[in-house]
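Here's the structure we're looking at; comments come further down.
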Amino acid sequence: MKPLSHPDRDELSLVSVLYALGDPIRLKIVQQLAQEGEKACGALSCATPKSTLSHHFRLLREAGIIHSRKSGTHYINTLRRSDLDDRFPHLLDVILAALESN
């Protein structure tokens, strides 16, 4: 199996990050990871088919928002908060605050 690719911090693109965050399911995933820390794909509370979730996790990973690592038969996902904050200061804070207020 081919290893998962993750962009370096300096390769993070604002357009890619905003596009990835432009979907309610992906926003919910990011919100849960921000609140609860690292999680396996199946441990997130999302009533979405597994194949659809895989697509959303891939987009979040390719945009540099999450880091995914294989652990046994599961993928563990972590929010790349420090990389996002270094590259786009306060962007994630503003988005998460807006989600909390809705």
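Yes/no matrix, rows are residues, columns are (1) at pLDDT below 90; (2) small (Gly, Ala, Ser):
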{"site": "2", "(1), (2)": "yes, no"}
{"site": "5", "(1), (2)": "yes, yes"}
{"site": "16", "(1), (2)": "no, yes"}
{"site": "25", "(1), (2)": "no, no"}
{"site": "32", "(1), (2)": "no, no"}
{"site": "38", "(1), (2)": "yes, no"}
{"site": "43", "(1), (2)": "yes, yes"}
{"site": "48", "(1), (2)": "yes, no"}
{"site": "59", "(1), (2)": "no, no"}
Worksheet item: Looking only at residues in the range 64-89 that are farther than 20 Å from residue 7 by Cα and not hydroxyl-bearing (Ser, Thr, Tyr), which one is surrounded by the fewest Cβ atoms within 10 Å (Cβ to Cβ)?
Response: 72
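A quick yes/no check of all residues on (1) on the phi > 0 side of the Ramachandran plot; (2) in contact (Cβ under 8 Å) with a residue 60 or more places away in the chain; (3) surrounded by fewer than 13 Cβ atoms within 10 Å (Cβ to Cβ); (4) over 11 Å from the mean Cα position of the chain (by Cα):
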| residue | (1), (2), (3), (4) |
| --- | --- |
| 17 | no, yes, no, no |
| 20 | no, no, no, no |
| 24 | no, no, yes, yes |
| 28 | no, no, no, no |
| 35 | no, no, yes, yes |
| 38 | no, no, no, no |
| 48 | no, no, no, yes |
| 53 | no, no, no, yes |
| 57 | no, no, no, no |
Discussion item. Just the residues that are in contact with a Gly (Cβ under 9 Å, 6 or more places away or on another chain), over 15 Å from residue 32 (Cα atoms), among the charged types (D, E, K, R) and not in a helix (DSSP H, G or I), please, taken from the range 48-102.
Written reply: none
Worksheet item: Could you give every pair whose Cβ atoms fall below 8 Å, whose first residue belongs to the range 64-93 and is in contact (Cβ under 8 Å) with a residue 24 or more places away in the chain and on the phi > 0 side of the Ramachandran plot, and whose second residue is among the β-branched types (Val, Ile, Thr) and buried (at least 16 other Cβ atoms within 10 Å of the Cβ), counting only separations of at least 6 or pairs across chains?
Response: 64/17
Worksheet item: Quick check: anything in the range 47-68 aliphatic (A, V, I, L, M) and in contact with a Cys (Cβ under 8 Å, 6 or more places away or on another chain)?
Response: yes
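The values are calculated or read from the model by the stated rules, or taken from the named source; none is laboratory data. Just so you know, these numbers come straight off a predicted model, no measurement behind them. Cβ coordinates were reconstructed from backbone atoms using ideal geometry, including for glycine residues, and neighbour counts include every protein chain displayed.
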